[in-house]
Amino acid sequence: MSRNIFIIWLVFLSLTSLSQTYEGQVIHSETKRGVPFANIRYDNNQGVISDIDGYYAFSAENVDSITVSYVGFETLTVAAKKTQQIELKPKAIDLSEVVIRPGLNPALRIVENVIENRDRNNPESIENYSMKAYDKLVFTIHEDSLAKKRDKLESDTSFRELVKFFDKQHLFLVENVTETKYEYPRKRQEKVLATRTSGFQSPVFTFLLSQLQSNSFYKKQIQIAGKTYINPFLKGSMPKYWFRMEDTIVHQAGDTGFIVSYRPRKGVNFEGLKGVVTVNNKGWAFENITAEPAEADAAGINIKIEQNYQEISNNRWFPSQQNTMIFLGTVQANGIPLIGRGKRYIFDVSVNSKDAGKFNPAIALDYAKGAMENAGEVLTNFRRVPFTEKDLETYRVIDSLGKAENLSGRIESARALINGEVKLGMVSLPLNSLVDKNRHEGWRVGLGLKTNRELSDYFGLSAYGAYGFKDKALKYGAGGSIFFDRYRRHSLGYQYKNDLVEAGEFTHRKNLSITDPRTYRNFGVKAFSESVSQQVTFKTRIRAAIKLSASLQAEELSPVFTYSFDGHMQPEGFRFGGGRVKNPLCSGRTGGTTTKKGGDFGLEVAGAPVELSKRNQRKNG
């Protein structure tokens with residue numbers, strides 16, 4: 001028995017000794033940065049593809065040499081080593097050179113297969129999934145431009161100081177760890193587990209990186225830095241794009257990756273994309289893809305995105321890594337442009353599980369308790385790339401500068417000003433309550449205050465007072481709201497006002513910003529009614545993009561302008577969304593009182609109000 005075990009052990013040892021692991025990184029010969037999606041071949045076209053950072057690994061028997069290639073780089077063959085770093089030299093040409101060959105284009109069949117399977121491969125077609133992601137975004141100097149000017153180091157002192165600064169630290173750094181849960185169709189919740197931004201004590205730039213590109217390349221429209229492009233891999237897009245087969249690689253598992261380049265056809269007038277895609281014949285899904293605008297931006301801001309996908313189950317691929325490069329051509333330091341580099345690493349992916357689908361769809365965004373205070377500990381546990389001395393120095397220097405200059409406070413103040421408010425600790429001052437002008441009141445001055453979340457997440461109070469110098473009358477109002485959860489999804493509010501409303505209007509004075517042209521329309525308004533109103537409102541958010549509101553209001557209007565009235569009009573009874581209207585039979589004079597009592601019901605979908613019913617809009621005259 002022992003002899004048999006010994007023989008089996010010898011056979012196993014001999015077999016495993018034949019297979020060796022080869023690993024390394026493919027880097028750019030000038031910038032020394034990783035080359036994503038490079039093809040590493042061995043043993044008659046078998047091979048692997050490097051990840052988004054240029055790293056690769058494979059196991060094989062006695063490999064003598066490997067051949068490394070990628071579109072835009074010179075192909076290189078080197079001796080195989082268990083661990084090595086391989087430098088690729090860029091070619092002088094790029095994808096703008098399109099060679100049209102006679103005969104059937106083999107790339108078209110590949111693209112057609114991708115389009116036929118697009119809906120099945122789209123992550124948003126999955127019943128549900130959950131995932132975590134680590135994001136890192138840095139802004140620094142452009143390495144390519146710096147490499148071309150290294151000869152200035154000895155002669156230019158300022159250039160030498162610039163290189164010394166950027167060798168030591170970045171200009172800006174932000175890190176996030178997020179958890180995303182999704183349920184078909186389009187129900188999504190994102191929770192921030194940790195976030196840290198150099199120089200800021202508030203989560204100002206938490207989602208800057210995720211907003212720079214679409215979360216997958218299966219969407220009909222691709223977002224790059226807020227600009228929308230038509231996806232090249234749609235049936236209607238094929239006539240607009242030129243596709244070219246660049247390479248083929250056979251993976252160890254036996255499946256094949258087809259490398260195809262794409263760009264807009266000449267003479268087709270539209271804003272298109274260009275790039276390179278690797279398509280796997282198992283399910284005709286994306287293995288990886290690069291994309292950038294085909295035409296350079298006039299402002300000198302160019303963005304390139306890279307996405308890597310991983311097979312998580314049989315023929316089911318899911319995004320695993322994403323790169324974003326932002327070239328700021330017009331933002332320069334001593335003649336060297338700046339560049340932003342963003343990386344996203346996706347992990348802990350769970351598909352079609354009970355836990356993945358458990359979340360409240362009414363909460364689209366949430367911050368975990370201590371997401372900022374305990375960010376250092378959480379980030380240490382979830383970082384997917386080493387945290388360097390350069391990163392540490394960036395936080396140390398920029399954080400101290402941010403505290404000295406109160407950058408977080410300035411950002412919060414600027415945000416409040418955009419919203420028409422000035423934040424004063426636990427209360428905010430609405431700017432539109434300070435001064436106004438119309439033909440009835442003349443100049444109107446006042447003061448309003450309302451509490452903010454610094455005081456409480458669960459209630460809010462507000463009050464204002466105003467005085468018109470022409471009508472010599474005081475106006476005032478007050479109210480409050482109770483919120484039933486810290487997300488403020490459900491609330492019950494009360495508002496009392498003794499003020500003026502424009503004749504014919506059925507809502508009170510609107511909160512318009514100083515940049516809204518409608519604000520200055522009030523200067524010419526003359527016909528007003530005195531209004532004493534009370535209103536109770538209940539609001540609830542049933543989904544992230546759907547809000548419901550219901551209100552009851554009693555309002556007494558006393559016109560302060562000359563009007564005429566049709567004496568033959570009969571009062572009407574109560575109706576939903578309207579109310580009982582009592583008008584004195586008067587003609588050609590000022591006076592009379594209108595009493596309005598009724599309810600209102602509103603629906604808001606994705607931020608846009610949907611009108612279900614109206615209040616009574618009958619005018620006095």
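Quick one: count up the residues across segment 168-212 that are open to solvent by 40 Å² or more (accessible area, probe 1.4 Å) and in a strand (DSSP E or B).
Final tally of qualifying residues: 7.
Looking only at segment 308-348, how many residues end up being among the polar types (S, T, N, Q), open to solvent by 40 Å² or more (accessible area, probe 1.4 Å) and modelled with pLDDT of 90 or more?
Residues in segment 308-348 being among the polar types (S, T, N, Q), open to solvent by 40 Å² or more (accessible area, probe 1.4 Å) and modelled with pLDDT of 90 or more: 1 in total.
Pull up segment 332-358, narrow it to residues that are β-branched (Val, Ile, Thr) and more than 22 Å from the chain's Cα centre (by Cα), then point me to the one that is farthest from Val35 (Cα to Cα).
The residue in question is Val351.
I'd like to verify a number: residues in segment 238-254 that are within 30 Å of the chain's Cα centre (by Cα) and more than 10 Å from Leu108 (Cα to Cα), how many?
Selection size over segment 238-254: 2.
Can you find a residue in segment 235-252 that is closer than 30 Å to Val397 by Cα, part of a strand (DSSP E or B), open to solvent by less than 50 Å² (accessible area, probe 1.4 Å) and in contact with a strand residue (DSSP E or B) (Cβ under 7 Å, 6 or more places away or on another chain)? Explain how you work it out, then say what you get.
Kept after step one, since they are closer than 30 Å to Val397 by Cα, are these residues of segment 235-252: none.
No, segment 235-252 contains no residue that is closer than 30 Å to Val397 by Cα, part of a strand (DSSP E or B), open to solvent by less than 50 Å² (accessible area, probe 1.4 Å) and in contact with a strand residue (DSSP E or B) (Cβ under 7 Å, 6 or more places away or on another chain).
Name the single residue that is most open to solvent (accessible area, probe 1.4 Å) among those in segment 27-42 being small (Gly, Ala, Ser) and free of Cβ contacts under 8 Å to residues at least 60 places away in the same chain.
First, pick out the residues of segment 27-42 that are small (Gly, Ala, Ser): 29, 34, 38.
Those still in the list that are free of Cβ contacts under 8 Å to residues at least 60 places away in the same chain too: 34, 38.
Details: Gly34: 28, Ala38: 0 Å².
Across segment 27-42, the extreme among qualifying residues is Gly34.
Where the second residue is open to solvent by 50 Å² or more (accessible area, probe 1.4 Å) and not hydrophobic (A, V, I, L, M, F, W, C) and the first is without any contact (Cβ under 8 Å) to a residue 60 or more places away in the chain and outside any strand (DSSP E or B) and lies in segment 305-320, which pairs have Cβ atoms under 8 Å and are six or more apart or on separate chains?
The qualifying pairs are Asn315/Lys282.
From the list Ile259, Ile305, pick out the single residue that is open to solvent by less than 10 Å² (accessible area, probe 1.4 Å) and more than 21 Å from the chain's Cα centre (by Cα).
Only one candidate passes the filter, namely Ile259.
Starting from residues that are more than 18 Å from Asn176 (Cα to Cα) and acidic (Asp, Glu), keep the ones in segment 349-392 and report whichever is most open to solvent (accessible area, probe 1.4 Å).
Taking the candidates together, the pick is Glu389.
Looking at Lys266, is it outside any strand (DSSP E or B), basic (Lys, Arg) and either open to solvent by 40 Å² or more (accessible area, probe 1.4 Å) or within 17 Å of Leu234 (Cα to Cα) (or both)? Write out each step before concluding.
On the way: outside any strand (DSSP E or B): yes; basic (Lys, Arg): yes; either open to solvent by 40 Å² or more (accessible area, probe 1.4 Å) or within 17 Å of Leu234 (Cα to Cα) (or both): yes.
Yes; evaluated as a whole, the condition is true for this residue.
Each row is one residue, and each column tells you yes or no for (1) modelled with pLDDT under 90; (2) in a loop (DSSP other than H, G, I, E, B); (3) more than 52 Å from the chain's Cα centre (by Cα).
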| position | (1), (2), (3) |
| --- | --- |
| Leu10 | yes, no, yes |
| Ser14 | yes, no, yes |
| Ser17 | yes, no, no |
| Ile40 | no, no, no |
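Failed condition for Gly283, given (1) under 23 Å from Ile115 (Cα atoms); (2) without any contact (Cβ under 8 Å) to a residue 60 or more places away in the chain; (3) surrounded by fewer than 19 Cβ atoms within 10 Å (Cβ to Cβ), with all others met?
If we test Gly283 against (1) under 23 Å from Ile115 (Cα atoms); (2) without any contact (Cβ under 8 Å) to a residue 60 or more places away in the chain; (3) surrounded by fewer than 19 Cβ atoms within 10 Å (Cβ to Cβ), just (2) comes out false.
Considering only segment 111-147, state which residues are buried (at least 17 other Cβ atoms within 10 Å of the Cβ) and of a type in the set (Lys, Arg).
Arg118, Lys132, Lys136
Can you name every residue in segment 387-420 that is modelled with pLDDT under 80 and not in a helix (DSSP H, G or I)?
Asn406, Asn419, Gly420
I'm trying to understand the selection: among the residues of segment 205-239, which are among the charged types (D, E, K, R) and under 15 Å from Ile115 (Cα atoms)?
Lys219, Lys220, Lys235, listed by residue number.
The values are calculated or read from the model by the stated rules, or taken from the named source; none is laboratory data. Quantities reported herein were computed from a predicted structural model and do not represent experimental measurements. Heads up, the Cβs are rebuilt from the backbone with ideal geometry, glycines too, and the neighbour counts pull from every protein chain shown. The area values use the complete protein model at the heavy-atom level, side chains included, leaving out ligands, DNA and RNA. Shrake-Rupley method; radii C 1.70, N 1.55, O 1.52, S 1.80 Å.
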